[in-house]
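A.B. asks: Please find one structure pasted underneath; my questions will follow.
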Amino acid sequence: MNFIDLIMSHAPALLVVIPLLGAFLTPLISKINDKVRNIFVIGILGVTAVFVLLVAQQVLDTGTITYVFGSSLQTVQNNTVIRILFEIDALSIFMALVSIILAFVASIYSWGFLEKETGQDKYYTLLLLMTAGMLGMVLTGDLFNFFVFIEITSIASAALIAFWTNKAKAVEAGFKYIFISTIGALFILFAIALLYGQYNALNIAKLADSITFTYLDKIALIIFISALAMKGGIVPMHMWLPDAYGRAPAPISLVLVGATQASIYGVFRVLFTLYGNVIHLPKISFGWILVLLGLITMIVGVIMAMIQTDFKRLIAYGAVAELGYIFLGVGTGLTIIANPDIGISSAPFAVEAMKGSIFHIINDALDVGLLFMVAGAVYYATKETSLNNLGGLARNMKYTTIFFIIGLLAISGIPPMNGFASKLLIYESTYQLNPIISIIAILSSIMLLAVFVKIFQSVFLGPKLKKFDDVKEVPKSMLIAMGIIASIIIFFGLFPDLIITNLVEPAVNALIHPENYLQWLTGGL
Amino acid sequence: MKGMSTIVKTTANISFPFILIYGLYLIAHGHLTPGGGFQGGAVVASGLVLMLVAYNTEWISKRIKESHLSIFESLGALSFVILAFLGIIFGTAFFSNFLVGTETLFGGIPLNGAADINTGGIIPLMNFAVGLKVIAGLFAIVYIMAHFISKKEEKIA
Amino acid sequence: MIANIPYVAVAVLIIIGLYTVIFRKNLIKMLIGITIIQSGVNLFLVSLGYREGGIAPIFTSVPNTDSAMMYPVPQALTLTSIVIGVAVLALMLSFIVHMYRHTKSLDVRQFGGDDQ
């Protein structure tokens, strides 16, 4: 039992280090055999998933965990914090759960999808590195560490987007992504330097304790929100997203959704925790800014999705529209929280909106992921991506059609899938803020349903085309991966109460009460 | 890419050992003077790139193969992570400096201003691991780019 | 007034870098613009560690005077940022080499979207 306790007390660090160790071992193991390497990668991600579940149980039982790198002695000496700290509260472990589910399913899917390609060992190394970067981004409690993990994730995902280097379009999409990402990350570093120069602290808890809202702090806040929202695909900074999602291999689009949502987690962490004590000071309401950005994202995403003819690009624009819902709900919550006159108890729709948003993070990841996997399966079977050339595939690929129907129902918010639960919470609560917002949200959901029904009719139904006579069903590993996500979607749709009370509500409480984050600092170590 | 004239080759021959020694000095004394893993590794990689530019690519590719570079890189990264893991077993937390203060190799307490290479704990070992990885990684980037450019007129789809 | 010169230099560098990224059409020139922005932000990070009348933060053989040392933490942050900049630069150059092989031109205007 002593060994188990030792492992569990170091579990927060192992979450990031085990994928890193696996990434460095993969070039050596891939010299043995292909199959051994695939089983090794899936094993490493499975062990990490088990650790995430164990740490989640610990966090939901006892509260925020902190882990200090380098020593277990005191980290606060002479009123400065001196070592790097991992701080895991309920929102962090929720995002880590989303990331590791997506990475694990992507590695199972890649076994079948990449069977005949070359350069596979570099692909798996970069996939493990990207997982380590995503997990580090959501678990850390130190601003500069956050920046380093953002860059790790950007570099790994840019190299993976340009995986098919024989196609010019894929390399161009990867270049666009890394170019815009680098400029955004440099400005994030500039804002971190602004905060560090004033308060001599890089730890998020120490900064939140000592921040006053000077002029430089306002500049830093604007830079943080703009750069992190740009990496999160919010209109009008979404230009890289359709190219990157549309031209990457299908399992990489799946993991990129996780990386995008980790950046949106960054926006929430900065707004609610870092500036938590002073969020009532600015004259303009940041809640309304978030609501407006969410509305514009929804409208532009759905309208651009209606005119596309490329399968994966259309799903990418659908993903943009879904990200708008997340900003909408949290913005509604922020308008009430930032207002010191109205308390939360007199406007309970704020908490309901935030619950719907946070639940929608995991629903959006699962739904869009399932649709991308179906698009990848169609590409694997027919080598076609344009909707004009596809048709009548339901006779040959039965399982893929069923999975597409599940994804279609889930992303439009139709019961009994999981999209219904989160979208109903968002509709109900934003109606009480302003009815027009709710009407726009419902309309864009209906238009998304129309778009996807059009795809369903043109790809799967219809007469059988001559050139698709010998199209077979996709290999078993891809079907297993799609089946795992579909079963999670149905489970979340049938029992949403279980997930909301156990996973979502602690996360929303962690956001609304930033003093829980500072407890290790103000309450003594 | 093509090589250069005899004067350049002779000068590169003479200055390459000095660059190598200077880079290894920077790596080894990283905990005492400014330097460390990345800085020293970048200097050594620059020396290797000097040899690559002075001679032509085939001469270098007969002596250094790409698979060797990949193995060195993985070895450097693996030893870094394993040293960090040993901090859990022998010390208190991840990345902890478990060799400082003991009387073994790399132990020793640094007195005021009288530190030498023996007082750093595991920091010199980590410097060596990072230096090895940086040498292999940076040189591999330039080497592969040189190979890619010198392949003439390959048909790309 | 003299102590403000590094910050003025940072502002000038970032503005020159942004101008190059926005208004130049050659891919290599846009890359050099990103490098100039990186230099500006690194200069900003390093110059945050200045303390009045201090000596360099090297622990071995310190002189016997009673002066303060400069703050060494921003130097570690800047080093990390420079390493990340090198890695990103190598990746972007590899992408440019690939794109040049496909399309034989370094103009950024050739990359149109394909939204119908």
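Where a number appears in this text, it was derived from the coordinates with a stated rule and is not lab data. Fair warning: this is a prediction, and the values are worked out from it, not measured in the lab. Every residue, glycine as well, gets a Cβ built from its backbone with ideal geometry; the counts of neighbours run over all protein chains shown.
A.B. asks: Quick check: anything in segment A:140-161 away from chain C (no Cβ under 12 Å) and out of contact with any Gly (no Cβ under 8 Å at 6 or more places or on another chain)?
C.D. replies: The answer is yes; a qualifying residue exists.
A.B. asks: Answer with yes or no whether residue A:168 is crowded, with 20+ Cβ neighbours inside 10 Å and within 14 Å of another protein chain (Cβ to nearest Cβ). Please lay out each step first, then the result.
C.D. replies: Values: crowded, with 20+ Cβ neighbours inside 10 Å: no; within 14 Å of another protein chain (Cβ to nearest Cβ): yes.
No, not satisfied.
A.B. asks: Please state which one of C:37, C:58 is over 30 Å from residue B:147 (Cβ atoms), facing chain A (nearest Cβ under 10 Å) and β-branched (Val, Ile, Thr). Outline the logic, then answer.
C.D. replies: Details: C:58 fails: facing chain A (nearest Cβ under 10 Å).
None of the others qualify; the one that does is C:37.
A.B. asks: Confirm whether residue B:74 is closer than 13 Å to residue B:143 by Cα and either at the interface with chain A (Cβ under 9 Å from one of its Cβ atoms) or of a type in the set (Phe, Trp, Tyr) (or both). Spell out how you get there, then give the answer.
C.D. replies: Details: closer than 13 Å to residue B:143 by Cα: no; either at the interface with chain A (Cβ under 9 Å from one of its Cβ atoms) or of a type in the set (Phe, Trp, Tyr) (or both): yes.
Spelling it out, it is not the case that residue B:74 is closer than 13 Å to residue B:143 by Cα and either at the interface with chain A (Cβ under 9 Å from one of its Cβ atoms) or of a type in the set (Phe, Trp, Tyr) (or both).
A.B. asks: Hey, another quick one. Of the residues A:438, A:429, A:422, A:445, which is of a type in the set (Gly, Ala, Ser) and either over 17 Å from residue A:321 (Cα atoms) or in a loop (DSSP other than H, G, I, E, B) (or both)?
C.D. replies: Sole residue among the options that is of a type in the set (Gly, Ala, Ser) and either over 17 Å from residue A:321 (Cα atoms) or in a loop (DSSP other than H, G, I, E, B) (or both): A:429.
A.B. asks: A further question on this structure: Being of a type outside the set (A, V, I, L, M, F, W, C), assigned to a helix (DSSP H, G or I) and farther than 18 Å from residue A:324 by Cβ is the filter here; which residues of segment A:407-417 pass it? Can you show your working first?
C.D. replies: First, pick out the residues of segment A:407-417 that are of a type outside the set (A, V, I, L, M, F, W, C): A:407, A:412-413, A:415-416.
Checking the rest, the ones that are also assigned to a helix (DSSP H, G or I) come to A:407, A:412.
Listed by number, the list holds a single entry, A:407.
A.B. asks: Are there any pairs with C-beta distances below 6 angstrom linking a residue in segment A:302-314 that is more than 11 Å from chain C (Cβ to nearest Cβ) and closer than 10 Å to residue A:455 by Cα to a residue that is assigned to a helix (DSSP H, G or I) and small (Gly, Ala, Ser), with the two at least 6 apart or on different chains, and if so which?
C.D. replies: Within 6 Å, the pairs are A:311/A:375.
A.B. asks: I've got another one for you. Please pick out the residue among C:43, C:31, C:48 that is within 14 Å of chain A (Cβ to nearest Cβ), touching a residue at least 60 places away in the same chain (Cβ under 8 Å), surrounded by 14 or more Cβ atoms within 10 Å (Cβ to Cβ) and closer than 30 Å to residue A:181 by Cβ.
C.D. replies: Working: C:43 fails: touching a residue at least 60 places away in the same chain (Cβ under 8 Å); C:48 fails: touching a residue at least 60 places away in the same chain (Cβ under 8 Å).
Sole residue among the options that is within 14 Å of chain A (Cβ to nearest Cβ), touching a residue at least 60 places away in the same chain (Cβ under 8 Å), surrounded by 14 or more Cβ atoms within 10 Å (Cβ to Cβ) and closer than 30 Å to residue A:181 by Cβ: C:31.
A.B. asks: Has segment A:290-312 got at least one residue that is aromatic (Phe, Trp, Tyr) and in a loop (DSSP other than H, G, I, E, B)?
C.D. replies: Start the filter on segment A:290-312 by keeping residues that are aromatic (Phe, Trp, Tyr), which leaves A:311.
Those left that are additionally in a loop (DSSP other than H, G, I, E, B): none.
Checked against the condition, which is being aromatic (Phe, Trp, Tyr) and in a loop (DSSP other than H, G, I, E, B), segment A:290-312 yields no hits at all.
A.B. asks: Among the residues that make up segment C:67-74, is at least one of them in a helix (DSSP H, G or I) and on the phi < 0 side of the Ramachandran plot?
C.D. replies: First, the residues of segment C:67-74 that are in a helix (DSSP H, G or I): C:73-74.
Narrowing further to those that are on the phi < 0 side of the Ramachandran plot: C:73-74.
Yes, that holds for at least one residue.
A.B. asks: So which residues in segment B:1-55 are assigned to a loop (DSSP other than H, G, I, E, B), surrounded by 16 or more Cβ atoms within 10 Å (Cβ to Cβ) and over 15 Å from the mean Cα position of the chain (by Cα), if there are any at all? First the steps, then the outcome.
C.D. replies: At the first step, the residues of segment B:1-55 found to be assigned to a loop (DSSP other than H, G, I, E, B) are B:1-5, B:29-36, B:55.
Now narrow it down to the ones that are surrounded by 16 or more Cβ atoms within 10 Å (Cβ to Cβ): B:3, B:29-32, B:35-36, B:55.
Once the filter is applied, which keeps residues that are assigned to a loop (DSSP other than H, G, I, E, B), surrounded by 16 or more Cβ atoms within 10 Å (Cβ to Cβ) and over 15 Å from the mean Cα position of the chain (by Cα), segment B:1-55 yields B:3, B:31, B:32, B:55.
A.B. asks: Is it the case that residue A:321 is more than 14 Å from chain C (Cβ to nearest Cβ), under 20 Å from the mean Cα position of the chain (by Cα) and small (Gly, Ala, Ser)?
C.D. replies: Working: more than 14 Å from chain C (Cβ to nearest Cβ): yes; under 20 Å from the mean Cα position of the chain (by Cα): yes; small (Gly, Ala, Ser): yes.
Taking the combined requirement at face value, the residue satisfies it.
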